[in-house]
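The values are calculated or read from the model by the stated rules, or taken from the named source; none is laboratory data. Quantities reported herein were computed from a predicted structural model and do not represent experimental measurements. Cβ placement follows ideal geometry from the backbone for every residue including glycine, while neighbour counts extend to all protein chains displayed. Note: areas computed on protein heavy atoms with side chains; ligands, DNA, RNA excluded. Shrake-Rupley method; radii C 1.70, N 1.55, O 1.52, S 1.80 Å.
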Amino acid sequence: MAGGIDRKGARRPTGYGPKDRVLESYPPIDEWDSWTEYDPGAWPRKVKREYMIVPTVCFNCESACGLTAYVDKQTLEIRKLEGNPHHPGSRGRNCAKGPATINQINDPERILYPQRRRGPRGGGGWERVSWEHVLDTFAEKMHDAFASNRPNDVMYFVGRPGEDGFADRFLETWGCDGHNSHTNVCSSGGRAGYGFWSGTDRPSPDYANAKFTLLISAHLESGHYFNPHAQRIIESKHRGAKVAVVDPRLSNTASMADYWLPTWPGTEGALLLAIAKVLLDEDLYDHDFVRNWVNWRTYLTHRAPGTEPTFANFILELRREYGQYTPEFAEAETGVPAATVVAVAHEIAAAAPAFSSHIWRAAAAGNLHGWQITRSLWLLNVLTGSVGTEGGVSPNAWNKFIPAPWREPTANLQWNEINWPREYPLAHNEMSILYPHYLLGGRANQALLFTRVLNPVWTFPDGYSWIRALRDESRVQLHGAMTPTWSETAWWADYVLPMGHGPERHDTHSYETHAGRWLGFRQPVRRVAMEKLGQPVEFTYEANPGEVWEEGEFWIEVSWRADPDGSLGIRQYYESPYRAGEKIRLEEYYRWMFENSVPGLPAKAAAEGLEPLAYMRKYGCVEISAPGSEYAQHESLVTDTDETDIRGVEQTVTKRSFDPGHLPLTGRPDTVATVVDGVARRGFNSPSRKLELYSETLADWGWPEFATPTYARSHVHHSLINHEHGEYVLLPTYRLPTLIHTRSGNAKFLTELAHTHPLLVCPEDAERIGLATGELARVETEIGYFVIKAMVTEGIRPGVVAASHHMGRWRLKDDQGTDRWSSALVDMTEEDDRVRFRQISGVQPWKSEDSSSSKVWWSDAGVHQNITFPVHPDPVSGMHCWHQKVRVRPALPDDRYADIYVDGHRAAEVARKWESLTRPATGDLRRPIWLFRPVKPVLDAYSLPQDERTQGARSRTAGHRSSSDLAAQVDWSPAEVWGPLGTPPAAIIRRRE
Ligand code: SF4
């Protein structure tokens, strides 16, 4: 142990012992193949263990932090997981969820072998089957669909992707528009807001160099890039930067901030636009940036036609438009004092262009019009010129890298109307929350459904509709649940297919953790160790516990079998690049990618005398560009302008022709640049290549009132909440920092750390309702209710109650289904599409091969609140609007902790009510071609069939209701639904019948 590096990558003397020794945070990489250290579990005896340290990547959130796995060379057991100091994103650090991967691997409850249902769906009968049987069964179904030109009979429905590109590729090889995802319960609202501005759907804040950071929500401790972002925000704070957090709840992040701004949920836009007004009125905006990069000429064309198109006139108009958003107006709407609004505006102006910001879930995911809150936040970055700057925010595409795979397939030819219904032409991602309603309503039938690390019965709203749809064999013929752990959804599947955790699988991925680019390589560490030790492995399930597999190999095998003679054109994409005509091995897939598609990697590898694949196996990642090298890409000069014209008031450099079979995932396929001061520059991915303050797309597709960032009432606006009737806003979206979603249920350390989620109620509301800490509250939603313990705290804004969504795991049989570390045993009683869950027992100790299970000391499994929420699809972004107007009251005499009641009829009614807000595609296209889609079909697939078009122009700007009407249209009164106070649910059922 004579070498080593500290957490900043530098060698550091210890001050103790010999002078050439250093304090080591990590073993030096040249000793990773053979590393010896004492076993801490054997203390006080000194027992040496010899490890092979294999890098991989955490799979427990989308940050993809580096991990190192310590594989015991004698037993081949993974004994612990630590950080990978060579990973540019995480830099050796992890949150609690990374090292806790060891629990998931060793969980005595985990699924070790493929399971086939015996008896009725959801009956709990399972039998072990072979992977051979599974492959043949699914391949046969796929072959039927593809050979009959019904590719969309197959649906791939993904929860946690954790990889870039592999799934998109195999769907394209199948010619299938079957990509569905959880995104509209997660981030469609955040993405849409960014997307309409710039064509790029995520921000990449350069937190480390920011002087002021504004976070909407508890992003730091619970958001998308938890550990990599958190460590960089703290770095900036150490250098004197300030942080403001907008959140109705005093989160861990807010408690560390310089400003906590507890706005009323859904009013965040009023706050942001008031800040914008201050910046405009006090001339604190960046004149050059706005003049060069905002589509202000387009703005004037629409907002002030006839006005001379000068920048001065634009600023006048903009001041006029935003003049209504005074700090006093913001105070009235949000509850944040006007003086604080002005102070934050001045902080932002002083920090610019080193002003960072972020919104992902929270307000963007909670509210009707939440995507406009995102647009309003980005407006502040635009006005202050804090875009693409050091300390500012860049489009995420600048800080992300997706390598091209071997033999790229052509785009598919068909459109999947179920995932991309014409009613939601601007939805940012698939309308996944409506899927069970489409199945139950007869709009869809699914021949083959793959759910992959997806648990909609528990994580989505309206889980009872999912249960009803999934268990109906006439609606879903064959369902394979690909999952690393049991879930409430797997319970209703036909096959449960065990897939690996982070150290049990291959993937590549790259995320915008900072202002640089990197590519991570997840690998099955036991397999890698075995192969290095001379033990060949054909399939990863031979090296993983039981027969736990990885999806990559599964997809290759099942695709190969689905096209047995190559006549469907699928098999060609699964041939080896190195062995003509033979089936590709997963290792070859990555080997080809690393040799051919990753800039700089072959040279870096060669410098160490390694092949590119060996380099990635050694480091688990490669840095593609160093921090600080990717700023201001919009200013890049574009010199290749052959066969182009300059079009429109924004002088967009436009190609005269383009390939309709290869549409870019975002941005118009025919544009290459925009002319700024006479020079063609790359710009952004928007249609004009400018930052689109005025979105012609929104106006043309039926939403002219939202063409600019504006503020409109959310469905939980305070004007719609009557406390005297027991009404409050429920915040159900926040995370607990040590939990994932479904997958922390089988991590004993994480569950021990966090296993309860009381309803947070502020003191004045608790008094009004008649609740004290520990007492049971009944929370009534539009489709049912749940019973939960209250916690009275000043950490929540008055008028708002909150409960984290992480809890409430359940199972229907004592020793089967969801892990016992985290779930309650429940009774599920149904009557005419109404259901009641009642706990039989909470978490209890049990005997297993892990002695910890008999020492479980906690009993709380929480309450499954999501199942009592109806779907709330935002009519523009498609985002499920999570926040709920609820009635809160003390529990009734018959209520028990964690009781749940849901009315399936009412769930369908509410879905229809929200669906009525849409403004469908009515012209020749289903959707704007330039808008992002994860897997884009060919241009022809965008055409609406002639006989399905509504007469008239696509633009439906006339006669629309005002935006504030939308909130009123979906409002509801608790008294109407559940009867007068005190009516027990059984009586309600009888009354309705
Ligand atoms: S933030 Fe935590 S859970 Fe997410 S990838 Fe990093 S270590 Fe894993």
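Quick look at the values:
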| item | result |
| --- | --- |
| Test: residue in the stretch 164-175 that is among the charged types (D, E, K, R), farther than 28 Å from Arg668 by Cα and in contact (Cβ under 8 Å) with a residue 24 or more places away in the chain | no |
| All strands (runs of 3 or more DSSP E) inside the stretch 638-689 with 3 or more residues being open to solvent by less than 50 Å² (accessible area, probe 1.4 Å) | 652-655, 671-676 |
| Filtered residues of the stretch 160-192 (kept if open to solvent by 10 Å² or more (accessible area, probe 1.4 Å) and part of a strand (DSSP E or B)) | His179 |
| Residue within the stretch 68-78 that is within 16 Å of the ligand (Cβ to nearest atom), under 24 Å from Tyr511 (Cβ atoms), assigned to a loop (DSSP other than H, G, I, E, B) and in contact with an Asp or Glu (Cβ under 7 Å, 6 or more places away or on another chain) present | no |
| Matching residues in the stretch 576-601 - criterion: being open to solvent by 20 Å² or more (accessible area, probe 1.4 Å) and assigned to a helix (DSSP H, G or I) | Glu587, Arg591, Trp592, Glu595, Asn596 |
| Top-ranked residue in the stretch 330-339 [being under 32 Å from the mean Cα position of the chain (by Cα) and open to solvent by 40 Å² or more (accessible area, probe 1.4 Å); ranked as nearest to Pro262 (Cα to Cα)] | Gly335 |
| Residue in the stretch 79-96 that is at pLDDT below 95, buried (at least 21 other Cβ atoms within 10 Å of the Cβ), away from the ligand (no atom under 13 Å from the Cβ) and farther than 22 Å from Arg561 by Cβ present | no |
| Hits in the stretch 50-67 - residues which are assigned to a strand (DSSP E or B) and within 13 Å of the ligand (Cβ to nearest atom) | Thr56, Val57, Gly66, Leu67 |
| Members of the stretch 602-634 that are touching a residue at least 60 places away in the same chain (Cβ under 8 Å) and either assigned to a helix (DSSP H, G or I) or open to solvent by 40 Å² or more (accessible area, probe 1.4 Å) (or both) | Met616, Arg617, Lys618, Tyr619, Glu623, Ala626, Pro627, Ser629, Tyr631, Gln633, His634 |
| Of the criteria (1) within 16 Å of the ligand (Cβ to nearest atom); (2) closer than 30 Å to Asn445 by Cα, which one Gly165 fails | (1) |
| Criterion: more than 26 Å from Val675 (Cβ to Cβ), in contact (Cβ under 8 Å) with a residue 12 or more places away in the chain, out of contact with any helix residue (DSSP H, G or I) (no Cβ under 8 Å at 6 or more places or on another chain) and open to solvent by 20 Å² or more (accessible area, probe 1.4 Å) - qualifying residue of Asp288, Asp281, Asp258 | Asp258 |
| Given (1) in contact with a strand residue (DSSP E or B) (Cβ under 6 Å, 6 or more places away or on another chain); (2) more than 25 Å from Tyr615 (Cβ to Cβ), number of the condition Ser90 does not satisfy | (2) |
| Whichever residue in the stretch 351-372 is part of a loop (DSSP other than H, G, I, E, B) and among the aliphatic types (A, V, I, L, M) and, among such residues, is nearest to Thr918 (Cα to Cα) | Leu368 |
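Let's see how each residue does on (1) aromatic (Phe, Trp, Tyr); (2) within 12 Å of the ligand (Cβ to nearest atom); (3) out of contact with any Leu (no Cβ under 9 Å at 6 or more places or on another chain); (4) free of Cβ contacts under 8 Å to residues at least 40 places away in the same chain:
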residue	(1), (2), (3), (4)
Ile102	no, no, no, yes
Asn106	no, no, yes, no
Gln115	no, no, no, no
Arg118	no, no, yes, yes
Leu135	no, no, yes, no
Asn149	no, no, yes, yes
Val158	no, no, no, no
